[in-house]
Amino acid sequence: MKNDKPTPGKSEPRLWHKLKARFDLILLVVVLGVLGYRFGPQVGAALGIGGESTEVGSNLIQTLNGDPISLEQLKGRVVLVNLWATWCPPCVLEMPGFQRVYEDYRDQGFVVLGLSRDEGTPDLVRAFLRQKGITYPVAMEAGSGIEGFGMVRTLPASFLIGRDGKVRYRVTGIYAEPALRLAVQRLLQEEVAGPPLTTP
């Protein structure tokens with residue numbers, strides 16, 4: 001007579017494989033979600049997908065070199081506002097890419113405005129910028145009066161502003177140079193630039 005009872009040893013591997021397959025699927029969904037959250041905004045900016053259209057304040061700020069700049073003054077240009085700090089490794093890692101894109105497109109109307117969250121003296125930030133070869137305008141965020149970016153808890157944080165003066169994309173974490181370059185090229189084609197910003 002044939003035994004119809006399942007053998008305990010044979011059903012356990014099947015159950016284990018089912019559980020492992022479900023766990024792998026959940027893990028994949030979580031990883032894709034994290035990657036989408038981190039890289040989705042910059043991919044969207046590069047391809048012109050999604051984004052927003054948020055007004056920002058036009059308060060006047062003063063760069064470390066003493067030059068007054070307002071976001072109202074920068075209307076007509078594509079602007080990357082980057083919140084960073086000298087003690088933030090991802091911030092330091094992305095800055096050379098910002099510098100290269102700035103050098104390549106500033107004559108076409110692209111501006112990078114760095115807002116340092118350092119609590120030390122401006123001299124500390126100036127020395128850091130000289131050492132790293134950063135020439136785009138930088139101001140200390142404390143008391144800068146820049147509004148319209150909401151609560152920023154993570155550094156680096158970047159806000160890409162179109163020629164209309166509105167925030168089009170927000171990127172939290174490292175903003176990869178190739179993605180920024182594509183986004184800047186695309187946004188610069190939207191309308192004619194104003195006169196280039198004179199920077200020190």
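The values are calculated or read from the model by the stated rules, or taken from the named source; none is laboratory data. Computed from a predicted structure; not experimentally measured. Here Cβ is always computed from backbone atoms with ideal geometry, including for glycine, and neighbour counts include all displayed protein chains. Note: accessible area is taken over every heavy atom of the protein model, side chains too, but ligands, DNA and RNA are not part of it. Shrake-Rupley method; radii C 1.70, N 1.55, O 1.52, S 1.80 Å.
Observations, loosely collected:
- Test result for residue 158, at pLDDT below 95, buried (at least 22 other Cβ atoms within 10 Å of the Cβ), under 18 Å from residue 176 (Cα atoms) and not aliphatic (A, V, I, L, M): yes
- Yes/no for residue 80 being open to solvent by less than 10 Å² (accessible area, probe 1.4 Å) and outside any loop (DSSP other than H, G, I, E, B): yes
- Residues of region 116-136 satisfying the condition of being out of contact with any strand residue (DSSP E or B) (no Cβ under 8 Å at 6 or more places or on another chain) and either aromatic (Phe, Trp, Tyr) or loosely packed, with under 12 Cβ neighbours inside 10 Å (or both): 119, 121, 123, 128, 130, 131, 133
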